[in-house]
1. Sequence gap at least 6, Cα distance under 8 Å: using those rules, report the relative contact order of region 180-302 to the nearest whole percent.
2. Give me the one-decimal nm value for the distance between modelled label points at ALA79 and LEU217, 7 Å along each residue's Cα-to-Cβ direction.
3. May I ask you to compute the full-extension gain from VAL110 to ALA209, defined as 0.36 nm times their residue separation minus their alpha-carbon distance, rounded to one decimal in nm?
4. Within region 172-302, what whole-number % of the accessible surface is contributed by carbon and sulfur, with the 1.4 Å probe and all protein chains included in the calculation?
5. Quote the charge dipole size of region 228-280 about the Cα centre in Debye, to the nearest 20; the model charges only the Cβ of Lys and Arg (+1) and of Asp and Glu (-1).
6. With each label point set 7 Å from Cα along the Cα-Cβ vector, what nm distance links LEU201 and GLU151?
7. Normalised by the empirical 2.2 N^0.38 Å for globular proteins, what value does the Cα Rg of region 241-291 take?
8. Please give the FRET efficiency for SER297 paired with VAL42, using the beta carbon to beta carbon distance and R0 = 41 Å, rounded to the nearest 0.05.
Amino acid sequence: MSQRAKAEVSQSKPDAGALDTGPLAIIAGSGALPTTLAEAAVAQGRGVHILGIRGEADEKINRFPHTWLKWGEVGKLFATLEDRGCRDLVIIGAVTRPDLANVRFDFGAVRNLPFLLSLGVGGDDHVLSSVVRFLEGKGYRVYGAGEVAPELLAGEGTLGAKSPSPEGRADIETGFRVVAALGRLDVGQAAVVVKGRVLALEAAEGTDAMIARCAELRKGASARRRGLAGVLVKAPKPGQEERVDLPTIGPDTVESAARAGLAGIAVAAGRVLIADRAATFAAADRHGLFLFGQKLSRVQDA
């Protein structure tokens, strides 16, 4: 990404200190983070309204003011935002990209059909950046989850009871270099490195499936004799729109890493979300894995 482009992206981001007094709209995909974010916003005295995507969002959003949406119900989305007085939005939670050929569009979607059809082409960051620009073009302000609730972001340094060994530190450094190179192709946000060897790269299958592949690769007596080794590294893609689709880890990530025989997990400090922080740290400590947050320079985004 060029310096000019980065400056334009930076200037387009809303001021986190200028949040509107109306309810915060949370467009929710799967996982625990949408409700965790809602709890954090409510604790700050902020009203919320969750727009849950059917087939993706968890039923737990029913604890909050909410509206369920199907893919293609763009008109319903904007009508709900207008009725509830929402101008500020957060998009959070994983989603499976739908097959647009099988989506039933409402009238609001038909009015924006050229834009929606354009989402069928390109990588995740391209698609999500386009969605952000589309919403901003309608007059809404899109915030990152970490701007609303910074406590959801990974801290810096050792995050659990265990610290990485010198060998682990070397794998971490290699992993971040690999993820940066991978991300420039808008492919993935994670890699696994074991003793200097790149064992796996994340692609469309996602982090959990990638780690499962590692577990298969490391099966056998020789792998068991080696004990815990290697690291899962997660970081945003260089230059990506970080208000949406930030990398996330949680208890399930730790359990998968433990099954794969990895020694730990390293993430970009302040740029990766942790779902269910207490359970994540407890799982890492129980399995003897390290959790580490590394501060990365944004110079690598150039």
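1. Across region 180-302, relative contact order equals 25 percent.
2. Label at ALA79, label at LEU217, 5.0 nm between them.
3. Working: separation 99, 0.36 × 99 = 35.64 nm, distance 3.52 nm.
Full-extension gain reported as 32.1 nm.
4. Values: 2800 of 5170 Å².
Result for region 172-302: 54 percent of the exposed heavy-atom area is carbon or sulfur.
5. 140
6. With each label placed 7 Å out from Cα toward Cβ, I get 3.9 nm.
7. Normalised by 2.2 N^0.38 Å, the Cα Rg of region 241-291 equals 1.13.
8. Details: r = 35 Å, r/R0 = 0.86.
After rounding, the FRET efficiency stands at 0.70.
The values are calculated or read from the model by the stated rules, or taken from the named source; none is laboratory data. Nothing here was measured: the structure is a model prediction, and the numbers come from that model. Don't worry about glycine lacking a Cβ; one is built from the backbone with ideal geometry, like all the others, and counts go over all protein chains shown. Surface accessibility is based on the protein's heavy atoms, side chains included, excluding ligands, DNA and RNA. Shrake-Rupley method; radii C 1.70, N 1.55, O 1.52, S 1.80 Å.
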